[in-house]
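Here you go, one structure.
The values are calculated or read from the model by the stated rules, or taken from the named source; none is laboratory data. On a predicted model such as this, the values are computed, not experimentally measured, just so you know. Here the Cβ positions follow ideal geometry from the backbone for every residue, glycine too, while neighbour counts run over all protein chains shown.
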Amino acid sequence: MDYYQGVVLDYLRASRTVFLNTECCIQLEAGPNPDRGTHWYCDAVAADFGKQQVFLCEISYAKSLGSLLKRLSEWNANWEGVKAALARDCAVPPQWPVQPWVFIPEDCERAAQAGFERLRKATESGLTMPYPRITHLEDVAPWKYRSWDRKEDLEELSSNAIV
């Protein structure tokens, strides 16, 4: 785990309604060995019991965002399978919305939005997954929120959430 991943996990944990499964394996085909078949290790799956929603959190401080955009493209191509795997293996209630949530440097936001738009246009029917929520890494610094009970609305803290 890199330094920023720990900072983001602390940020997510600061909300008492959010529970995390870090390095969670999302495995499309059921089976005893997660390293077989189509699968991804998500930086964190955050279940927000207050909002009854699940977030697939990915953290990157790479300037190119290539790996992050590739991951999102793969999830988009397999979105129904991703949600089914979360329900099957993680007991996520199937009626709960699932949304990617990316944590990136502020100066990478335009590149991320352009990548999401390219992904939307490249997919014949558009995005099958919801647009990812974006939060700047600079906004999750520990001095920017109450670490014992981050009650602020996640929408307000998510910089430029894309709808």
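So which of 22, 17 ends up being surrounded by fewer than 18 Cβ atoms within 10 Å (Cβ to Cβ) and touching a Lys or Arg at 6+ places or on another chain (Cβ under 8 Å)?
So the residue among 22, 17 that is surrounded by fewer than 18 Cβ atoms within 10 Å (Cβ to Cβ) and touching a Lys or Arg at 6+ places or on another chain (Cβ under 8 Å) is 17.
Give me the residue from the stretch 132-163 that is within 22 Å of residue 45 (Cβ to Cβ) and modelled with pLDDT of 90 or more and, out of that set, surrounded by the most Cβ atoms within 10 Å (Cβ to Cβ).
Selected residue: 132.
It is to be established whether one or more residues within the stretch 50-71 are surrounded by 20 or more Cβ atoms within 10 Å (Cβ to Cβ), more than 13 Å from the chain's Cα centre (by Cα), within 22 Å of residue 108 (Cα to Cα) and of a type in the set (Ser, Thr, Tyr).
No, the stretch 50-71 contains no residue that is surrounded by 20 or more Cβ atoms within 10 Å (Cβ to Cβ), more than 13 Å from the chain's Cα centre (by Cα), within 22 Å of residue 108 (Cα to Cα) and of a type in the set (Ser, Thr, Tyr).
For the stretch 79-91, indicate whether the set of residues that are at negative phi and in a loop (DSSP other than H, G, I, E, B) is non-empty. Explain how you work it out, then say what you get.
Taking the stretch 79-91 first, the residues at negative phi are 79-90.
If we keep only those that are in a loop (DSSP other than H, G, I, E, B) too, we end up with none.
No, the stretch 79-91 has no match at all.
Which numbered condition trips up residue 7, out of (1) assigned to a strand (DSSP E or B); (2) touching a residue at least 60 places away in the same chain (Cβ under 8 Å)?
Among (1) assigned to a strand (DSSP E or B); (2) touching a residue at least 60 places away in the same chain (Cβ under 8 Å), residue 7 violates only (1).
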